[in-house]
Amino acid sequence: MKGIIMAGGFGTRLRPLTNNLPKPMVPVANRPIIEHTIHLLKKNSVKDLTALLYFQPESIMNYFGDGSDFGVKLSYTTPAADLGTAGSVAYSLRQGKLHKTSLVLSGDVITDIDLTGAIKLHKEKKAAATLVLTHVDNPLPFGIVITDEEGRIVRFLEKPGWGEVFSDTINTGMYILDKEVLDYIPEDTDFDFSKDLFPKLLADGKPLYGYIADGYWKDVGSIEEYRFANMDVLERDGLVVKPGTESSKKGVWIDEGSKVDLNSKLEGTVIIGKNCRIDANARIINSVIGNDCVIEEGAVIKDSVIWNNVKIASGASLQENVVSGDTNIGAGAHLGEGVIVSDHCHIGRNSTVKANVKVWPYKTVDDDATLASSLIWGQKWAKNIFSTYGVTGLANLELSPEFAAKLGAAYGASLRKGSTISTSRDVHKTSRMLNRAIMTGILSTGINVHDYGVTPRPVARYITRFSGEVGGIHSRRSPYNTQLIDLKFFDATGMNFHPSQEKTVERLFFREDFERVSMEETGEMQFPAHGFETYQNGFMSAIDLETIRGHGCKLVLDYSFSSSSRIFPAILGKLNCEVIALNANLDGTKLTRSSVEFDKSLDQLSTIVRSLKADLGVLLDAGGEKIFIVDETGDILDTDTALNLVTLLTLKSLGGKKGKIGVPVTASRAIEQMAENYGCEVLWTKTSPRGLMEAANSDDVLFVGEQSGGYIFPEFMPAFDGMFAIVKILEMISKQKVTLHRLLREIPPSILIKERVPCPFEKKGTVMRHLTEFAADKETVMLDGIKIYSKNNWIAACPSQDEAFFQLTAEASTEEAAMKLIEKYTEKIKSWQS
């Protein structure tokens, strides 16, 4: 059997540790990661190996040579271009003698998985390909694989969101391939295993199997995971072969040539490399010390990884750090938790490096200096910046001007130099401050900025879509929490960022090495004067003006103190409507409403609608994207009922036109019944804003709505716009000559109940796997979470993207039946956690 080791990675997420060496050569327990991979293959009797190289190949070739010193035969291939994972492996296999079976694995993971079981399954099933799988607590960064009882793969999901996590079983990147799969991989083409090859094999019905393995597996994909991998090696006997020999003190491994003073204090599990000197009263706890290191008297090192040729002077203290090679840590220096020091650095005497700071290669920190992070790192920035609703954080703490400028630079670095983006904000002064900070970062990367100032978010989306800008950022005070600021990123179409765009910006942000341009290339900032006109002209051309004018509606509208009051009155003034405006003044201090204040506003709106005998009452949210409806009798419509009602109104107004109605998978079945009555089809969507917008951008979609007041009319724009939704409702009421309250009677009756079930993040994947297995013989929809049908009733379980709970939604003909479903699955989710 041939062994192929993929070792071409740049290791961008491990920078600055990988600035000067390829990721597979990063040491774990004083040996390169790839050396542990070679040892694993040799242990499983796979000794004919080829390493696929790309970035700094000579460092790997010089270290391993022909492999004879490591008990294997090792050759190397380097494709001339980036051919993707499958394309590169195929290139390598075609270079030499073609084996019937090949074992492919990554050179940058740490694992002790026994591969013989996977090889045996592959042969028994006569598989075209067998994937080695494992269970993990957090499957989000990986590809999820679902198998049947025989182990045959039935579905792939590459790097899903929580709503798509139907299992905690993930692809480890270890594959056993039959030579026939080469016929599926084109030559000299970028071709990926997970995105291209495996889906194609699955579609063609080829035998594709998954082997769920026991044992340890960790993708060393970030600096945090790198340190954790070293700590795991210390804690777990036999995970890798530790260098040196175990001393008389259990758990302490010392390699040849090292001198350890008898009065030093080595606690827990410690690995000390070759030719080191550990002085008296030096204290080392659960740490790895590289070759040729000096640890002087009184130095304290805890839970850290020290590379080769590092000197740590007397009295220095390190905790949860990684220190790269050829670096000096001065006497009395203090490194805070999470500090990363790259190679060839000097940290001065009695200096302090604050928590989570990264020190790049060849840097010097002066004696007695304090090096602080360029931003205040909250816990939430440890893995992801973006959440479901954009970038959200505490104003001036997590979202500081320094953070915003750096984020703007990361965004700018992801774009082509010379491109233009839009910026906009709400009226709050903190939004203005952060908007300016973001702009400075963007301009520093050679990207131009069109700043539209105080502008409703739908207007900013529309202008971006039709003004040639490649994307935009909108800053606002959170409508839910007075201490939070939201940054919403959207693309050239006006839709929310795709997850791949978010990951690109995050990667650049954490790498901290994005390019700044020269003075002459700095971006230009402009303040276009005709943005509102562009929006207004498009708005008016997308509505039936004469029908609305002819009806003469009376509307009570709560502007929520937002910037919508700057543009919407000019539009409403052309409709021959009587408008009673509430809270139409701009006030940044009132953009956030508590739930009590929100309910009070709706009650006030209801009272005014009833007393003035208005046709419609609407509360427009502070962002201008969502609306909350009061009918002509003063009844406040809950958002599920409002979705049903606006959908019905849309269907009635189509005039026989056929198409699709997009709604979340958790929306009422009443919508499906109504759509069928009008000859339309329901397109079930994900519950995320981006998922709904993508549906609105699809062919034949006439309307998209969601269950929290957001409505999209794709004829105008594939994004939420509360102002357009209000006028569209007025148009449809006028055209149909109906009232909302009377229309409610035409909605098929049903009971919809929602409930939250607490669940820690690390248990979500496990729960989803059990839920998928439990629902295997039932009618299901696996789109965003899992929707399970039970005769005419259904229940959907979806893990929250940002919080530690599952959202249950059940629908039935009676409240009792719906509650039974909620209670049943609440118990199951709780039991599966334990």
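The set of residues in segment 310-336 that are open to solvent by 10 Å² or more (accessible area, probe 1.4 Å), closer than 16 Å to Val288 by Cα and free of Cβ contacts under 8 Å to residues at least 24 places away in the same chain comprises Lys311, Ser317, Gln319, Asp326. Listed by position, the helices (runs of 4 or more DSSP H) enclosed by segment 614-716 that each have at least 1 residues that are open to solvent by 30 Å² or more (accessible area, probe 1.4 Å), under 30 Å from Asn583 (Cα atoms) and of a type outside the set (D, E, K, R) are 639-652.
Candidates in segment 757-781 are the residues that are of a type in the set (A, V, I, L, M, F, W, C) and open to solvent by 50 Å² or more (accessible area, probe 1.4 Å); of these, the one that is nearest to Gln673 (Cα to Cα) is Ala776. For Ala719, are the conditions met, namely being in a helix (DSSP H, G or I) and within 27 Å of His498 (Cβ to Cβ)? In short, no.
Of the candidates Lys406, Lys380, the single residue that is open to solvent by less than 60 Å² (accessible area, probe 1.4 Å), modelled with pLDDT under 95, part of a helix (DSSP H, G or I) and not aromatic (Phe, Trp, Tyr) is Lys406. Counting the residues of segment 541-581 that are buried (at least 21 other Cβ atoms within 10 Å of the Cβ), among the small types (Gly, Ala, Ser) and either more than 37 Å from the chain's Cα centre (by Cα) or closer than 13 Å to Ile733 by Cβ (or both) gives 0. With the condition kept exactly as written, say whether any residue in segment 260-270 is under 28 Å from the mean Cα position of the chain (by Cα) and either surrounded by fewer than 19 Cβ atoms within 10 Å (Cβ to Cβ) or of a type in the set (S, T, N, Q) (or both). Scanning segment 260-270 turns up no residue that is under 28 Å from the mean Cα position of the chain (by Cα) and either surrounded by fewer than 19 Cβ atoms within 10 Å (Cβ to Cβ) or of a type in the set (S, T, N, Q) (or both). Among the residues of segment 178-232, the ones that are closer than 14 Å to Phe156 by Cα, at pLDDT below 90, assigned to a helix (DSSP H, G or I) and not hydrophobic (A, V, I, L, M, F, W, C) come to 4 in all. Residue check: Asp148 meets all listed conditions (1) over 29 Å from Lys43 (Cα atoms); (2) touching a helix residue (DSSP H, G or I) at 6+ places or on another chain (Cβ under 9 Å); (3) modelled with pLDDT of 85 or more; (4) not hydroxyl-bearing (Ser, Thr, Tyr) but one, namely (2).
Is it the case, given these coordinates, that Ser564 is in a helix (DSSP H, G or I) and out of contact with any helix residue (DSSP H, G or I) (no Cβ under 8 Å at 6 or more places or on another chain)? It is false that Ser564 is in a helix (DSSP H, G or I) and out of contact with any helix residue (DSSP H, G or I) (no Cβ under 8 Å at 6 or more places or on another chain). Inspection of segment 686-700 finds no residue satisfying the criterion of being in contact with an Asp or Glu (Cβ under 8 Å, 6 or more places away or on another chain) and under 18 Å from Ile747 (Cα atoms). If you go through segment 454-492 and pick out every residue that is under 22 Å from Arg593 (Cα atoms), surrounded by 23 or more Cβ atoms within 10 Å (Cβ to Cβ) and touching a His at 6+ places or on another chain (Cβ under 6 Å), you end up with 2. Helices (runs of 4 or more DSSP H) fully within segment 31-147 that include at least 3 residues being among the polar types (S, T, N, Q): 84-95. Restricting the first member to segment 493-522 and to residues that are under 15 Å from Ile473 (Cβ atoms) and open to solvent by less than 40 Å² (accessible area, probe 1.4 Å), and the second to residues that are of a type in the set (S, T, N, Q) and not in a loop (DSSP other than H, G, I, E, B), the beta-carbon pairs closer than 7 Å and six or more apart or on different chains are Gly494/Thr464. Annotation note: of Asp204, Asp214, Asp219, Asp232, the sole residue that is more than 27 Å from the chain's Cα centre (by Cα), open to solvent by 30 Å² or more (accessible area, probe 1.4 Å) and under 23 Å from Val136 (Cα atoms) is Asp214. Of the listed requirements (1) under 22 Å from the mean Cα position of the chain (by Cα); (2) open to solvent by less than 10 Å² (accessible area, probe 1.4 Å), Asn138 misses just one: (2). Could you count how many residues in segment 1-37 are farther than 20 Å from Trp360 by Cβ and touching a strand residue (DSSP E or B) at 6+ places or on another chain (Cβ under 7 Å)? The number of residues fulfilling the criteria is 16. When you check Val727 against the structure, is it part of a strand (DSSP E or B) and surrounded by 19 or more Cβ atoms within 10 Å (Cβ to Cβ), yes or no? For Val727, the condition - part of a strand (DSSP E or B) and surrounded by 19 or more Cβ atoms within 10 Å (Cβ to Cβ) - is not met. Take the conditions over 32 Å from the mean Cα position of the chain (by Cα), surrounded by fewer than 20 Cβ atoms within 10 Å (Cβ to Cβ), closer than 24 Å to Ile289 by Cβ and not β-branched (Val, Ile, Thr) and apply them to His39. Does it pass? Taking the combined requirement at face value, the residue satisfies it. Cβ-Cβ contacts under 7 Å between residues 6 or more apart (or on different chains), taken from a first residue in segment 806-831 that is aliphatic (A, V, I, L, M) to a second residue that is assigned to a strand (DSSP E or B) and open to solvent by 50 Å² or more (accessible area, probe 1.4 Å), are listed as Leu808/Lys754; Leu808/Glu755; Ala812/Ile751; Ala818/Ile751; Leu821/Ser790; Ile822/Glu755.
The values are calculated or read from the model by the stated rules, or taken from the named source; none is laboratory data. Remember, it's a predicted structure, so these values are computed and weren't measured experimentally. Positions of Cβ are backbone-derived with ideal geometry, glycine not excepted, and every protein chain shown enters the neighbour counts. What goes into the accessible areas is simple: the full protein's heavy atoms, side chains included, and nothing from ligands, DNA or RNA. Shrake-Rupley method; radii C 1.70, N 1.55, O 1.52, S 1.80 Å.
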